[in-house]
Structure formats: structure tokens, C-alpha cells
1. Residue farthest toward the positive end of the dipole of the chain, with Cβ of Lys/Arg at +1 and Asp/Glu at -1: which of S407, V26, S260?
2. Please give every one of the lysines within straight-line cross-link reach of K41, meaning a C-alpha to C-alpha distance under 17 Å, and leave out same-chain neighbours fewer than 8 residues apart.
3. Which whole-number percent of Cα pairs in the stretch 226-272 have a distance greater than 16 Å?
4. Could you work out the longest stretch of the chain that avoids the trypsin sites (Lys or Arg not before Pro) located in DSSP loops with at most 11 other Cβ atoms within 10 Å?
5. Between Y203 and D290, what is 0.36 nm times their sequence separation minus the Cα-Cα distance? Round to one decimal in nm.
6. Using only the alpha carbon atoms of the stretch 327-433, find the Kirkwood hydrodynamic radius as the inverse mean reciprocal pair distance, in angstroms to one decimal.
7. Rounded, prolate or oblate: which one fits the stretch 269-375, using the alpha carbon gyration tensor with axes a ≥ b ≥ c (rounded when a/c is under 1.5, else prolate when a/b beats b/c, else oblate)?
8. Would you please give the FRET efficiency between L13 and D80, computed as 1/(1 + (r/R0)^6) with r the Cβ-Cβ distance and R0 = 22 Å, to the nearest 0.05?
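Please treat every number below as a calculation from the coordinates, not as lab data. Quick caveat: nothing in here was measured; it's all calculated off a predicted structure. Cβ: placed from backbone, ideal geometry, glycine included. Neighbour counts: every protein chain shown.
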Amino acid sequence: MTKPLWDKGGGALDAAAQRFCAGDDVTLDRALFLYDVRASKAHVAGLARIGVISSEEATALRGGLDEVATEFLTGAFVLDERFEDGHSAIEHLLGERLGDIGRKVHTGRSRNDQVLVAARLHLKDALVDLEARCLAAAGSCLARAAATAEVAMPGYTHLQRAVPSSLGALFAGHAEALLDDAETAAAARARIDASPLGTAAGYGVNLPLDRDGVARELGFDRAQVSPIYAQNSRGKLELLAVQALHQALLSVRRLAWDLSLFTTAEFGFILLPDAYTTGSSIMPQKRNPDVVELLRALPAAAEGAMAELSGLLSLPSGYHRDLQASKAPAIRAFARGLEGLALVPDLVARLYFDEARMLAAITPDLHATDRAIELAGEGVPFRDAYRRAAAEAADPEGLAGRSAAASLRARVSLGGAGNLGLERLEARAAALRAAAARG
Ligand code: ARG
């Protein structure tokens, strides 16, 4: 292991204690490394603007940081346990390449704000991805909703057949949920869009750092003002981001559950494409919905991360090494969640439907509610209409002549099967896409 940054020649840390402190930090820092390099470049430019380093030194440092990034990307440099963490590695590599100039990179910053800014940039990108993936999934559900608006299927309550509905209505429901989730992701991103860089260890430094300029170069909306809050928000903002992720994964779980249920032989409404099913190692005839099931399992990972993150937040103000433990849950939950979400649009686009089976499941009794409402419309008090419709539903001939298609067409209030309001959902999706493109 290279000497820790904080080595000043005193007694060394016990080797096992050192391993314990590092944990899997150095591996997790691989997800943050390029953000750390970007932030380091911005920091260096800021130092030059206030004359703490010369512009030649800044150019050399920025060039050195670019080289470090290239070597990391090509695999020429591997971030591993030789270093205490990614921050140490960057300073070490710059020192090796640029000597004294390289060792100037850390002027006016602390690893406390260095890790904060890298984690913040990572989270921002993760939330941009989350929003885009929610919108893509919503778009795919909307396309299927439009194509299946007239495909009748039962609507269920308590998992019991209830009223005539449509496949389009089901997809519209999933689409609107995912639009909400995209908006939640955007809101979480706006909240965390503040640069902590320049707050150093949590109390600022005795330099007139150009914090706003650095925030601008890094594409932040603003600088986080209070250095103490910058530290106190670590973990808390990770939690907010994972909560936004969780919202989206709950929608994915609901969709996955529907697919899992409706693809059973007992329902036989929906067929999964081969590309999203697996086989059994022993039962030759089987196609298993493993992908859908693992999508259903995604919220559990976010919930674990949320529990871990909120468990860390019982701390007094300022930096504490405990906060290092906020990295793993946030990085892992997003990596897994985004990977799963990315599968949804194509999976949805390639589903097959057995329209005949869905239609056959609309037995005459499912028209009882329509019938009661119809009678009420003719002036019969609803409770009497309800009893008459119940009697008709119980009689095998009572409601036999009614058509599912007519029932769907008659559901004309906004959102009903005869008026899904897809153009409203499309307009909202388009507005969210345009806002996302503006950044
Ligand atoms: N790996 C550390 C973390 O994530 C970096 C900051 C270390 N700061 C310190 N004062 N020991 O929190």
C-alpha cells in the first residue's frame, strides 16, 4: 500500500485496522473516480483564478488529471488496494507525474469535500438516468396502451373478476405511474444539484475560493452554502435519491407482478417473449419468467439501501467516518435498479397477448355494475338498481346478451376504458422529455 495522504512520519496504523477502515472503499471509488478527476480539474482552475497556483501550474495539473482519467478508462491504471481510496490515488499519480506541482492539487480542499462532490456528481447522473429510464418505460407502456385500447380484459379487485376493462387501461396505469416516477427523479435531482466543493473539512478555508465558479464549471445549479450543512447532507441526499429510485422500482414491481400473474397458464392472457424467459434445468417443457421475477425483487435492494442510509444519519454535525458507509448502498442500489429499469421498455414492447382468452374471461356477470348504473340513469334509486342487477347477474340468461366492447366504449369519463386520456399522458411525457433534454 502506498503511504496514506495523512502520513506524517508517526506510528503507522495497525494493518488489520487499516484494512477495516478501507473496507471495499477503494473498489467503490471506481464508480466515483472519474467524477473525482472532473471535480479536481474544476478545483485546480478555481485555485488559479484566485492566484493560489499559477495558470501554468493549473494547465499542467489539468493535463495530468486528464491523463489519469485516460489511464483509468483504458485500464492502464487500476484503482486497487495499493491506495487507501480513490482520492489518495489521484494525488499519488499526479505527484508521480508532476512532482511538486502535482502535490499542489489538494490546496484548499479536504477529502471530506472531495468525496462529497464526487458522490454528488455520481448521484446527479444516476438520477438523470433514472428519469430517462422511467420516461422510456412510460413511453413503451403508452405505445402498448394505444395499441390495445380496445382489447377487452376483466378488471380485477381483490384478484376477483370485477368489471370489463381493457389491456390499454392496464398499460395506461403503468405509464402514468412511471411518469410520476420520472418527475420524482427530476425533483430529487434538483434538490441535490448543489456543489459542496470548497467547503473543505466542513468549516471552509482561509482562502477566497471561487466556489460559485467551480460549481458552474461542474454544471451544478448552485453552490451549497453552509459547509456544515454540506457535511450534514451527506447520506441524507443519498437517501433522497434512493427513495426516488425506490418509487420507480415500486412501479416496476407492480408491472412485473401483473406480468407474472397474467402469464400463468391459469390466466394465459400474456406471453413473455423468449428473449425474456429462461429454461428449467430439469423440467424440459418449462419457460420461466426469471427476468420478470428479478424485476419484482428490485425494490428490496432499494429498501435495504434506504435502511442502511437512514441508519447512518444518527450523527451530530460535521464529518464522521461513518459517512463513508453511505457510498455502498447508494452506488449499488442505483447500479442494480437502473440495470433492471433499462429492460422494461423492450420487454413491454415485445409481449404477446391472447385476446380471445382475455375476452372469454369477461363472463356476463361482470356487466352487473354497468347494468346497475344504467338503471340508476333511468331514475331507479341506485340501491334498488343494485339489487335488480344482482338478480340479473345471478340468472344465466340475465346479462348474457351484453358486449364487452360496448361496455368499454361507454366508459367515457376521463381515464375510463372508452377515454383513456392517452393524449394527456403523451403530452405530459413530451413535456418531461423536453425538460430532461434541457437538463
Ligand atoms: N473514504 C472517505 C469517505 O468516504 C474519504 C474521506 C476521508 N476523510 C477523513 N477525514 N478521513 O468518507
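1. Highest projection toward the positive end goes to V26.
2. K104
3. Considering the stretch 226-272, 59 percent of its Cα-Cα pairs are separated by more than 16 Å.
4. Working: sites that count: K8, K286.
Counting only loop sites that pass the neighbour cut-off, the longest clear stretch is 9-285.
5. Values: separation 87, 0.36 × 87 = 31.32 nm, distance 5.03 nm.
Full extension of this stretch gives 26.3 nm more.
6. Values: mean 1/r = 0.0559 Å⁻¹.
Final number for the Kirkwood radius of the stretch 327-433 is 17.9 Å.
7. Numbers: a/c = 3.75, a/b = 1.79, b/c = 2.09.
Note, shape of the stretch 269-375 comes out oblate.
8. Details: r = 19 Å, r/R0 = 0.84.
Once the sixth-power term is evaluated, E becomes 0.75.
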